[in-house]
Amino acid sequence: MKNVKPKLPPGAAKLRVVKPGAAKPKPSRRATPRVKSLYSQDELKEIFRRFSIQRPEPKGELEHVNPFTLVVAVALSAQATDAGVNKATRALFAIADTPQKMLALGEEKVRDYIKTIGLYRNKARNVIALSEMLIRDFGGEVPRTREELVTLPGVGRKTANVVLSMAFGQSTIAVDTHILRIANRICLAPGKTPDEVEDKLIRIIPDEYLYHAHHWLILHGRYCCKARKPECERCVIADLCKSPEKTCDIPAPLVELPPQMISAAG
């Protein structure tokens, strides 16, 4: 009988952590089976191939200097624009970029810095509470698992996914209002809840494009497939799009966008 190499159980491979200057992580193999989609596998690959040419290195637009300030920024961005959060946090992060410094600053002063952001009183309370918890339970370091991140005050699944992706290089899909809208509008991953849409996207997005997919979809929704009226004539996937709302079947020229096109416009 010949020896058979044992297979790893599904999900056994761990995601790598990206350090500054390190190479991009390879997407993980997903144990979940793919789901049926209106788009064929070839169409899905072509959609994300075009996004990758348009924006080879998509970036999140929330300003931060380390994992801690990223957690705070994303938590503050709920029901607020990235531009509004950035405006409020520049001065705050200049003096409080660690849980210890934030705690020393105190809730009242944090409120003063972020009072231009919606729900700022409750958010200031959460910022202080999560700073306390990071110090008490995690040695002042931001945890690197979703299960631990969502235990922090004011941190939900979407925030955790953003942090895992942007701070630690993990392939996640954080479903915000843009992605929820896009996934339903173009029939990519229809779902009533962010969790439902996230689950479908994780299953259908080709592995080689999963790492950046979150930002590609957000930026596509923010600058092209806009909430009030999609700008189909500027869309690079107009010919592939299956949205009943689309007004154009001719894709826009597939060229790399200049860096200044990606700005914190909200």
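Candidates in region 59-84 are the residues that are out of contact with any Gly (no Cβ under 8 Å at 6 or more places or on another chain) and more than 24 Å from ILE135 (Cα to Cα); of these, the one that is surrounded by the fewest Cβ atoms within 10 Å (Cβ to Cβ) is LYS59. Condition check for GLN170 on (1) under 19 Å from the mean Cα position of the chain (by Cα); (2) more than 30 Å from CYS225 (Cβ to Cβ); (3) polar (S, T, N, Q): one failure, at (2). Taking the conditions (1) at pLDDT 95 or above; (2) crowded, with 22+ Cβ neighbours inside 10 Å in turn, GLN170 satisfies each one other than (1).
The residue that is surrounded by the fewest Cβ atoms within 10 Å (Cβ to Cβ), counting only those in region 103-128 that are in contact with an Asp or Glu (Cβ under 9 Å, 6 or more places away or on another chain) and within 11 Å of LEU152 (Cα to Cα), is ILE128. With respect to ALA160, is the statement that it is part of a loop (DSSP other than H, G, I, E, B) and either in contact with a Lys or Arg (Cβ under 8 Å, 6 or more places away or on another chain) or charged (D, E, K, R) (or both) true? In short, no. Residue pairs whose Cβ atoms lie under 7 Å apart, sitting 6 or more positions apart in sequence or on different chains, and linking a residue in region 216-230 that is under 19 Å from ALA80 (Cβ atoms) to a partner that is basic (Lys, Arg) and open to solvent by 30 Å² or more (accessible area, probe 1.4 Å), are GLY221/ARG181; ALA227/ARG181. Among the conditions (1) at pLDDT below 95; (2) more than 20 Å from LYS109 (Cβ to Cβ); (3) assigned to a loop (DSSP other than H, G, I, E, B), the only one that TYR39 does not satisfy is (1).
So which residues in region 232-266 are of a type in the set (Gly, Ala, Ser) and either modelled with pLDDT of 95 or more or loosely packed, with under 14 Cβ neighbours inside 10 Å (or both)? Step through it out loud before you land on a result.
Going through region 232-266, the residues of a type in the set (Gly, Ala, Ser) turn out to be 238, 243, 252, 263-266.
Of everything in region 232-266, those that are of a type in the set (Gly, Ala, Ser) and either modelled with pLDDT of 95 or more or loosely packed, with under 14 Cβ neighbours inside 10 Å (or both) turn out to be ALA238, SER243, ALA252, SER263, ALA265, GLY266.
Which condition does GLU63 not pass, out of (1) assigned to a helix (DSSP H, G or I); (2) within 21 Å of the chain's Cα centre (by Cα), if it passes all the others? All conditions pass for GLU63, except number (1).
The values are calculated or read from the model by the stated rules, or taken from the named source; none is laboratory data. Here the structure is a predicted model, which is why all the values come from computation and not from measurement. Every residue, glycine as well, gets a Cβ built from its backbone with ideal geometry; the counts of neighbours run over all protein chains shown. Only protein heavy atoms, including side chains, enter the accessible area calculation; ligands, DNA and RNA are left aside. Shrake-Rupley method; radii C 1.70, N 1.55, O 1.52, S 1.80 Å.
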